[in-house]
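Colleague: Here it is, the structure, as structure tokens.
The values are calculated or read from the model by the stated rules, or taken from the named source; none is laboratory data. Everything numeric in this text was worked out from a predicted model, so none of it was measured. Quick reminder, even Gly has a Cβ in these numbers, built from the backbone with ideal geometry, and neighbours come from all protein chains shown.
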Amino acid sequence: MVNGAVTTGQDSTARRIRMLVERLIGTVPPLRIRAWDGSETGPTGTPDRSPPRGRRPTATSPHRPSPLPPTRPRPRWSRTSTTSWSWPVGSWGSHILHAARWHGVHVTGVTLSLSQFDHVGGQIVELGITVRVTVRPQDYRELADQPYDSVASIEMGEHVGEDQYPVYVTTLHRLLRPGGRLLLRQMSRGANAPGGGAFIESYITPDMHIRPSGSTIGLLERAGLEVRDVESLRKHYVTTVDAWARTLETDRARATRLIGPQSCRVWRLYLAGDGLAFAENQMGVDQILAVRPTPAGDGLMPADRRDQLVPSLERGFAA
């Protein structure tokens, strides 16, 4: 019991709603609230206010039903629930595991790396989400089993090569159903910046090709996708790379044992240069939301940008 309010579930949607309302009105809400997850809050003997019903409220409410805890943050670009997800090219799995655990998404992941395949497969079993997640040791271009509701490509487009990039985005288009969404997070460079260089190509990622974000958008559009939103994450990566560098310095002895002193020095130098490139706007990271239109040209997304994004209200409830 808190300030006269009885709440079921200590980490629940109803509790978070009550806390927000208390901050707004300065007292316990004079009604009882029953949230999507079955949790309740409010003084006993007061009127019950349950979430709205019907197709329209469910499609637009930031607290729509979910088989998993709805108090976890949803991606800002995902306003409509999805049932399938394609993780098209290699990753260590954090994204697909998060999508499956916290958003109830059915995920198909592919990777050519057997190390990644074994690592993610072990995590899937450990977390008990084998029903929702499938990972295959397969080339993304060979996926042909179904069109997906959503496709996520997180910092993989830089590694497919300049010549293969049109094939890459055409494949992403093919993997989507009409109205399906693509989230592409990808590094970019300034128009006059090299976006790589001999050091990175020799010691870090020999296959990396970075282009200006405008060029990427043009390639997506030529593949038949409609770009709906672009967000720059460059300044976030200044602090992210700094955190990576500090972690490496803290664990430098362990890193040296794992990869050797020469590789450790290479990565220290790379992170220092990378952070400077982001800080000076020589390099960036962009998050691009695109959609495959229907044959009639409809992207099946809200016209207003605000309705495409999860509002700050939900971010305030995030655990």
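Colleague: Among the residues of the range 97-112, write down those that are of a type outside the set (S, T, N, Q) and in contact with a Gly (Cβ under 9 Å, 6 or more places away or on another chain).
Modeller: Listed by number, the residues that qualify are Gly109, Val110, Leu112.
Colleague: Right, another one. What's the total number of residues in the range 268-281 that are touching a residue at least 24 places away in the same chain (Cβ under 8 Å), closer than 23 Å to Ile154 by Cα and either surrounded by fewer than 17 Cβ atoms within 10 Å (Cβ to Cβ) or more than 24 Å from the chain's Cα centre (by Cα) (or both)?
Modeller: Residues flagged as touching a residue at least 24 places away in the same chain (Cβ under 8 Å), closer than 23 Å to Ile154 by Cα and either surrounded by fewer than 17 Cβ atoms within 10 Å (Cβ to Cβ) or more than 24 Å from the chain's Cα centre (by Cα) (or both) within the range 268-281 amount to 5.
Colleague: Consider the range 196-251. How many of its residues are free of Cβ contacts under 8 Å to residues at least 60 places away in the same chain, in a helix (DSSP H, G or I) and over 22 Å from Asp298 (Cα atoms)?
Modeller: The qualifying residues number 22.
Colleague: Here is a further query. Report, by residue number, each residue of the range 116-140 that is polar (S, T, N, Q) and over 19 Å from Val160 (Cβ atoms).
Modeller: Gln123, Thr130, Thr134, listed by residue number.
Colleague: So in the range 282-306, with the set limited to residues that are exposed (fewer than 14 other Cβ atoms within 10 Å of the Cβ) and of a type in the set (Asp, Glu), which one is modelled with the lowest pLDDT?
Modeller: Within the range 282-306, the match that is modelled with the lowest pLDDT is Asp304.
Colleague: Let me ask another. Mind checking which strands (runs of 3 or more DSSP E) fall wholly inside the range 111-191 and carry at least 3 residues that are surrounded by fewer than 16 Cβ atoms within 10 Å (Cβ to Cβ), within 17 Å of the chain's Cα centre (by Cα) and not hydroxyl-bearing (Ser, Thr, Tyr)?
Modeller: Filter on the range 111-191 gives an empty set.
Colleague: What's the number of the only condition in (1) surrounded by fewer than 15 Cβ atoms within 10 Å (Cβ to Cβ); (2) at pLDDT below 80; (3) in contact with a helix residue (DSSP H, G or I) (Cβ under 8 Å, 6 or more places away or on another chain) that Arg72 fails to meet?
Modeller: In the conditions (1) surrounded by fewer than 15 Cβ atoms within 10 Å (Cβ to Cβ); (2) at pLDDT below 80; (3) in contact with a helix residue (DSSP H, G or I) (Cβ under 8 Å, 6 or more places away or on another chain), Arg72 misses (1) alone.
Colleague: Separate question: Just to be sure I understand, how many residues within the range 106-162 are in contact (Cβ under 8 Å) with a residue 40 or more places away in the chain, among the small types (Gly, Ala, Ser) and on the phi < 0 side of the Ramachandran plot?
Modeller: Of the residues in that region, 4 qualify.
Colleague: Moving to a separate point now. Could you please give the count of residues in the range 192-203 that are among the hydrophobic types (A, V, I, L, M, F, W, C) and crowded, with 17+ Cβ neighbours inside 10 Å?
Modeller: Looking only at that region, the number is 2.
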